[in-house]
Amino acid sequence: MELIIVSNKAEGSKKAFEQIIAAKNSGAKVFGLATGSTPEGVYQLLRESDVDFSDCVSVNLDEYVGLAPDNPQSYHYFMKKHLFDDKPFKASYLPDGLSDDPSSYEEILAAHPIDLQILGIGNNGHIAFNEPGTAFDSRTHKVSLTESTIQANKRFFEKEEDVPRYAYTMGLASIMSAKSIILMAFGEAKQDAIYSLFNDQASTDIPATILQNHPDVTVIVDKAAAAKLTNV
Ligand code: GLP
């Protein structure tokens, strides 16, 4: 894994933005996209740029179970607001929060192999919604969100009770199929997860550690998230 430490989120977003543009200029056509506050700055830079994704496809990592695409808390809505309304793709896919079975999402992923996957990371080391304990060979599936994730994500909802308890997520093996991956982490709350990513043995206790086995991962962190990395 390549590690890039930047001063702040703005600088990290710019680095990720530049890598996305470089990948696109080198022929990348399928982009794996993430939600959460981490990639917001990258999406803003993309919105403000003259990049044209109309010949590209996007696939998103995850969606809350039970939320319709027009629900302002849904990841469908997030992506429209932060990117797709301004920068439409030829096709954009997210797991369907209203379906009973998310497994058909794997057919979409098989038809559109991801060239570049953008990732954030949860405070407990989850990627997408793959919580600790998720099998490394997992594919798209339904998850029961942990208390840590519910607490971290309640800031996006009016009341804690409104945070959905379940989500559909690409699995760890689905994510590992991407040709290249950029993981970003900003802020003190991500210190432990970033420490584990670089120092712990790969284990399902910290799902992100599976990335140690991927040949092309760039990790972009600010100084706060990198604070516990003493060996860099
Ligand atoms: C959610 C998302 C993840 C995201 C994580 C961190 O759980 N499913 O994809 O990486 O939150 O969110 P944030 O970027 O807001 O810290």
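Could I have the simple spin-label model distance between residue 136 and residue 230, label points 7 Å from Cα toward Cβ, reported in nm to one decimal?
Here the modelled spin labels are 2.7 nm apart.
Please compute the alpha carbon radius of gyration of the stretch 1-87, then divide it by the globular-protein estimate 2.2 N^0.38 Å. Two decimals is fine. Walk me through the numbers before you get to the answer.
Working: Rg = 13.6 Å, N = 87, 2.2 N^0.38 = 12.0 Å.
That works out to 1.14 for the stretch 1-87.
Using a cut-off of 15 Å between beta-carbons, work out the net charge of the residues near residue 97 (Lys and Arg +1, Asp and Glu -1, residue 97 not included). If you can, show how the numbers build up before the last one.
Details: positive: 80, 142, 165; negative: 62, 63, 70, 96, 100, 101, 162.
Here the charged neighbours net out to -4.
Positive end of the charge dipole of the stretch 2-222 (Lys, Arg +1 and Asp, Glu -1 on Cβ, about the Cα centre): tell me which of 134, 32, 163 has its Cα farthest that way.
Positive-end residue among those listed: 32.
Tell me, what HN-Hα J-couplings in whole Hz come from the Karplus equation 6.51 cos²θ - 1.76 cosθ + 1.60 at θ = phi - 60° for each residue of the stretch 64-78, using x for Gly and Pro?
Rounded to whole hertz, the list is 6, 6, x, 9, 6, x, 8, 6, x, 8, 7, 6, 4, 5, 3.
For the stretch 2-222, what does the accessible surface come to per residue with a 1.4 Å probe? Please give it in Å². Could the numbers behind the result be given before it?
Working: 9440 Å² over 221 residues.
For the stretch 2-222, the solvent-accessible area averages 43 Å² per residue.
Less than 11 Å Cβ to Cβ from residue 181, Lys/Arg counted +1 and Asp/Glu -1: what total charge do the surrounding residues give?
Working: positive: 179; negative: 2, 115, 216.
Value of the local net charge: -2.
In what sequence, largest accessible area first, do 93, 75 appear using a 1.4 Å probe?
On the way: 93 70, 75 25 Å².
Final ranking, largest accessible area leading: 93, 75.
Whenever you get a sec, compute what percent of the accessible area on the stretch 2-222 sits on carbon and sulfur atoms (1.4 Å probe). The partial results should precede the final answer.
On the way: 4480 of 9440 Å².
Carbon and sulfur together cover 47 percent of it.
Which of the peptides 171-183, 59-71 is most tightly packed, and how do the rest follow, going by the mean number of other Cβ atoms within 10 Å of each residue? List each step's numbers first, then the result.
Numbers: 171-183: 21.2, 59-71: 19.2.
Put in order of decreasing packing, that is 171-183, 59-71.
Residue separation times 0.36 nm, minus the C-alpha to C-alpha distance between residue 70 and residue 148: what's the value? Working shown, then result.
Details: separation 78, 0.36 × 78 = 28.08 nm, distance 2.62 nm.
That pair, residue 70 and residue 148, stretches by 25.5 nm at full extension.
Run through the stretch 73-169 and list the trypsin sites (Lys or Arg not before Pro) located in a DSSP loop whose Cβ has at most 15 other Cβ atoms within 10 Å. It would help to have the intermediate numbers written out before the result.
Values: sites: 80, 81, 90, 139, 142, 154, 155, 159, 165; in loops: 90, 139, 159, 165.
Sparse-neighbourhood loop trypsin sites (Lys or Arg not before Pro): 90, 159, 165.
Suppose we take every Cα in the chain and form the convex hull; what volume per residue is that in Å³?
Details: hull volume 26.2 nm³, N = 232.
Enclosed volume per residue, from the Cα hull, is 113 Å³.
Compute the relative contact order of the stretch 2-222 as a whole-number percentage, counting only Cα pairs closer than 8 Å that sit 6 or more residues apart in sequence.
Details: 439 pairs, mean separation 56.6, N = 221.
In percent, rounded to a whole number, it is 26.
Residue 50 to residue 179: FRET efficiency via 1/(1 + (r/R0)^6), r the Cβ-Cβ distance, R0 22 Å, to the nearest 0.05? The partial results should precede the final answer.
Working: r = 25 Å, r/R0 = 1.13.
The value I calculate is 0.35.
Between residue 214 and residue 81, with labels modelled 7 Å along Cα→Cβ, what's the label distance in nm to one decimal, could you check?
2.6 nm
The values are calculated or read from the model by the stated rules, or taken from the named source; none is laboratory data. Computed from a predicted model, the values in this text were never measured in an experiment. Don't worry about glycine lacking a Cβ; one is built from the backbone with ideal geometry, like all the others, and counts go over all protein chains shown. The area values use the complete protein model at the heavy-atom level, side chains included, leaving out ligands, DNA and RNA. Shrake-Rupley method; radii C 1.70, N 1.55, O 1.52, S 1.80 Å.
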